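A short worksheet on the structure shown next.
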Amino acid sequence: MRIGLIGNGYWARVTHAAGLHRQPAVTFAGVWGRDPAKSDPIVAEYGVTAYAELQDLFDDVDAVAFSVPPQVQAELALTAARQGKHLLLEKPIALSGESARRLEAAVSDNDLACLVFFTSRFDPGMRAWVEQVAATSGWDGASGLWLGSAFGAGSPFDTPWRHEQGGLWDVAPHALSLVAGCLGPITDIVARPGPRDLVQLLMQHRSGAVSSYAVSIDTPGVCRNNLVIWGDSGAREASAATVDPPAALAAAAGELAQLAARQVREHPCGVRFGREVVELLERAQAQLNGASGSP
């Protein structure tokens, strides 16, 4: 399966390009970005094509991976889906439930394979931990921290969309994907604001378990990602700090190729789950807006 990359920034270079290159089930064809000069390091390292026009990339590939801001991804992925391209999406897949539902419909209507790159869910070590927890019954709840410092001096994650949307939209998708993977589908969410962009999330799961997460990308000098699950079976703890993003991306690309070759397109991190996460975040954002008096 030939796959192209949309986006040529830091994350695209160190994670997406590296992961696509190392996955033997796909052929990494090339890259397109709004600033063509940023494609040069990817072209030099991996010997791929730098497409001058986005349509040229679409015409030359079977699938498209994305590493662009979510509001950009939602529109470009919709165009790709309507042209019959399989999709490897970044989280969140969109910034509104409406956009996410439109993208999900395009994937379904065109019978496409689509995966959402929740990084931890594709990392071999973290995946094994999640699967072990999910296979064990009797969990009562979970508590996690996903704290980062995206806006420190020299940070490659100091980007406009993160300033606008904060940790709720940047790192909470990872948090939701982990607790849903461990404890099952989330049926309700409550969000409360804290200092800076800190958000406290409380989730009810269909299983009856309750989970909580504190998320932020504006905690200066602090980077901490961990999750504890507890219940009758004791307590299990994992740290997302051990995740290997390029290896996880390579795994996701391989699974996308497998899905594209099958008639059944369902996957735990497919577009339906991606849409569900966006809808949960949208509900949480509405609560935060109400708490701050915003319209």
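The values are calculated or read from the model by the stated rules, or taken from the named source; none is laboratory data. As the structure is a computational prediction, the values presented were derived from the model and not from experiment. Positions of Cβ are backbone-derived with ideal geometry, glycine not excepted, and every protein chain shown enters the neighbour counts. All accessible areas refer to the heavy atoms of the entire protein, side chains included, with ligands and DNA or RNA removed. Shrake-Rupley method; radii C 1.70, N 1.55, O 1.52, S 1.80 Å.
The alpha carbons of the range 188-246 stretch over 36, 29, 21 Å along the principal axes, in descending order.
On average, how much accessible surface per residue is there in the range 56-99, in Å², for a 1.4 Å probe, leaving out ligands, DNA and RNA?
30 Å²
The convex hull drawn around the Cα atoms of the chain, when projected onto a plane and averaged over every direction, covers 14.9 nm².
Measuring max minus min along each principal axis, the C-alpha atoms of the range 46-149 give extents of 51, 35, 30 Å (largest first). Measuring how big the range 192-295 is from its alpha-carbon positions, Rg and Dmax come out at 17.5, 49 Å.
Look at the dipole of the chain built from charges on Cβ: of 154, 143, 221, the Cα furthest out on the positive end belongs to 143. Result for the chain in a Gaussian network model with C-alpha springs under 10 Å: among 235, 50, 105, the largest mean-square fluctuation is at 235. When Lys and Arg each count +1 and Asp and Glu each count -1, what net charge do the other residues less than 10 Å away from residue 174, Cβ to Cβ, add up to? Every neighbour counted, the sum reads +1. Set Lys and Arg Cβ to +1 and Asp and Glu Cβ to -1, take the dipole of the chain about its Cα centre, and tell me which of 211, 231, 33 lies farthest positive. The listed residue farthest towards the positive side: 231. With the whole protein complex present, residue 170 retains an accessible surface near 10 Å², based on a 1.4 Å probe.
For residue 231, nonlocal amide neighbours, meaning residues 5 or more places apart or on other chains whose placed amide H falls under 5 Å from its own, are 140. Tell me the relative contact order for the range 150-295 as a rounded percent, counting alpha carbon contacts under 8 Å between residues six or more apart. Reported relative contact order: 22 percent.
Among the GluC sites (Glu not before Pro) found in the range 1-102, those both in a DSSP coil and sparsely packed, with 14 or fewer other Cβ atoms within 10 Å of their Cβ, are 53. If R0 is taken as 25 Å, the Cβ-Cβ distance between residue 135 and residue 45 corresponds to a FRET efficiency of 0.05. Beyond 14 Å, the tail of the calculated P(r) for the range 1-67 holds 47 percent of the Cα pairs. The fraction of accessible area contributed by carbon and sulfur in the chain is 49 percent, rounded to a whole number (1.4 Å probe; ligands and nucleic acids excluded). What you get for the chain, charging only the Cβ of Lys and Arg (+1) and of Asp and Glu (-1), is a dipole of about 300 debye around the Cα centre. At the residue level, residue 99 shows approximately 20 square angstrom of accessible surface with a 1.4 angstrom probe and all protein chains present. Its Cα centre serving as origin, the range 167-295 has a Cβ charge dipole (Lys and Arg +1, Asp and Glu -1) of approximately 140 debye.
Distance between the 7 Å Cα→Cβ label points at residue 206 and residue 279: 1.2 nm. In this Cβ point-charge picture (+1 for Lys and Arg, -1 for Asp and Glu), the range 7-154 has a dipole of about 320 debye about its Cα centre. Stretching the chain fully between residue 25 and residue 228 yields a gain of 69.6 nm (0.36 nm per residue, less the alpha carbon separation).
Relative contact order for the range 1-149: 18 percent, from Cα pairs under 8 Å spaced at least 6 residues apart, divided by residue count. For the residues 166, 208, 274, a GNM of the chain with alpha-carbon springs under 10 Å puts the largest fluctuation on 208. The listed residues 101, 236, once ranked by accessible area (1.4 Å probe) with the largest placed first, stand as 101, 236. For q = 0.11, 0.12, 0.18, 0.19 Å⁻¹, what log10 I(q)/I(0) does the range 132-251 give under the Debye formula with an equal point scatterer on each alpha carbon and no solvent? Reported log10 I(q)/I(0), two decimals: -0.39, -0.46, -0.96, -1.04. Taking the range 224-243 and a reference point 7 angstrom along Cα→Cβ of residue 155, the backbone N atoms nearer than 12 Å belong to 224. Quick one: check the C-alpha center-to-center distance for the range 254-295 versus the range 114-146, whole angstrom. Spelled out, the Cα-based centre of one part sits 16 Å from the other. Per residue, the average separation of C-alpha pairs within less than 8 Å and at least 6 apart gives the chain a relative contact order of 22 percent.
Can you pull out the GluC sites (Glu not before Pro) in the range 214-295 that DSSP calls coil and that have at most 15 other Cβ atoms within 10 Å?
Those satisfying the criteria are 266.
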